[in-house]
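Below you'll find the structure, written out as structure tokens, and then a few comments.
Rule-based calculations on the coordinates, nothing more; no lab input. Treat the numbers as computed from the prediction; the structure is a model and nothing was measured. Glycine also receives a Cβ, built like all others from the backbone with ideal geometry; neighbour counts cover every protein chain displayed.
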Amino acid sequence: MACKAIDCSANPIYAELASREITTWSAFSISEKYIASFGRDATWTDRTKTIKLYMELYPGGDLQRVITACMHQESTVHPFIATYWAMEIARGLRACHDRGIIHRDLKPGNVLLSIPYTYNDVLWKVTGGWELSDNDRKLGEQFCSWFQSRPPWCHISDFGFGKFTPAAYLSGQHSRGSLGTVGTVGYLAPEVLGEEPKFSVRSDVYSFGCLVYSLCTSKPPPASHLREDHLLEIGSMYPKRLKDIIARAVKFDPEDRPGSRELLNEVTEAFIDIQEDGILGFIRYSIAYSERTKPQYSPDVQRKLDDLLRRAVATENCELMETLIDAGADVNADSFSVPRYEHREGNIWNAIHAFKDGVVQKLRWLGNSHSKGRSAPGGDTKFPLITAAAFNGSHECLDLLLKRGAIREESTSRVDPLSAAACSGYVQIIDNLVLKWDFDIDALSVNAISWKGLCTPLALAAQVGSVSGVRRLLELKASASICGSGRNYPLHDIGVNSTASGQDLLACVQLLCEAAPQVINLRNHKGQTPLHRLIQECRLPDYSIVELLLCLGADPKLCDLEGHNVYDLGEVARNRYGKPLLAHSTWQTLARLAAE
């Protein structure tokens, strides 16, 4: 069950809209498949002037979320699904009009999905002839299973602007808007704009045409013209009949648009057309036989192919990569691995001689704070090809590997490509992985600095002082409150195991504290705040981070689980190293604050 809360305190008209929504929704029977199910329960809280409506929960979210995700991925909803969804929405719209209801605000955000849409990538891969990964085949099988039973997917919701009117029954009739112009810009028909809006069945049809256009292009529709027909073009891969429906639905003159019954018939025919093209059978065939058609080689030949692919990635030769992948090279191969307990300045670098000098130097720099390489418990630390491409800063190679089936494997022994891009500050690659390929921005992977333990991309970027990486991850809503396997939060590790410049680390501290002020005194598993850990662990003479933390509100009087405040820990550290770690003025400040 989901709850929709409507705050009526700001504007009394919201109460009228809520009342309309309850009345309109109640007109539908529970068995109406393409209308969101209203629980017929509502509550009013007089103190907050809030109405709460209770309805069925739709785990797939709304259609606008799907369109936005496709836009970020520079893609569109697959024609098979776009046409099917258009048919379901047309059925829901017809149900509204059959009950004398004009919706008046039909748009993607008001269409709810009963299940999440996770099939877009695999459907495009199948129709594009790309190789399918194991995960792709699993999703494809789920899609085929869904299609056999085909439970309703799209459900029209949000009837706050909906209106009962005879105009919903009578062709050529319209209803004047008692609330003035209502709806959403871009989805409004020309006749509902201006001082005397005229709503009708065909104004809903206009909104439907704009919705389907957005579904097929991942773009918002342009504002309607007041004097001429709209020209809304969609790609050639969509059924011709669907293009014709959009063109007719957005005609300037309402009389030139189809009614909802004719609209439903035409969209249904479009879906029949796309099935007759054999696309569903092609999808089933590709999923069933993609594994069988993959070339099988002896281990020696496979190793040689994979090694050639490593060299192609290292030299950023995308054309050669395509040829090798077509021949059977493994896109999920490791570019190299670091043996457990191996010295870093030894022979391990010979394994990556093919990678350009910048990558080798970057890896050496990331690892130079420890004399020995360490890996996660139980094996070597591995760098997959997609991670090497990210370290290389090669946007094109990384994109190609992912398109051809490379996957992000959750593992305690693999360095993640998003972490590689984050610590390198490659903003374009960060955007590509998060927005286009839907990488989990807060996933834990092997720490590329110490090569032991797990941390988030944000924590790693902060540790190495990657200001651009930290800034972009925070803009994309990465969390500063997720601890790694060492049970420290990102701010706890800044300045502790880092070789970055003081100014870069200060900038990272500032960014983290601005984005999440609560982290300044966040405690780890030992009850230590970032200030505690910095005083206890830092061997650097740079005390500016301590001063910045104090300025930002770090509390030096807080005690850890052993009862020590930061001044106590500083005394221990000073005795350990035989010299003060902080400037005299900072030390005096800590002593004074601790004594207060």
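Provide R310, R248 in ascending order of the number of other Cβ atoms located within 10 Å of each residue's Cβ, fewest first.
R248, R310
Pop the C-beta distance of Q64 and C559 into the FRET formula with R0 = 35 Å and round what comes out to the nearest 0.05.
Calculated value: 0.10.
Out of residues 5 or more away from R414 or on other chains, whose amide H comes under 5 Å of its own, with H placed 1.01 Å from N in the peptide plane?
K382, V446
Can you tell me the length gained on complete extension of the stretch T127 to L280, counting 0.36 nm per residue apart and subtracting the Cα distance?
That pair, T127 and L280, stretches by 54.1 nm at full extension.
For a quick check: sort I283, I535 by the number of other beta carbons within 10 angstrom, fewest at the front.
Least to most surrounded, the residues fall as I283, I535.
Counting other beta carbons within 10 Å of each Cβ, put F252, F143 in order, fewest first.
In increasing order of surrounding Cβ atoms, one gets F252, F143.
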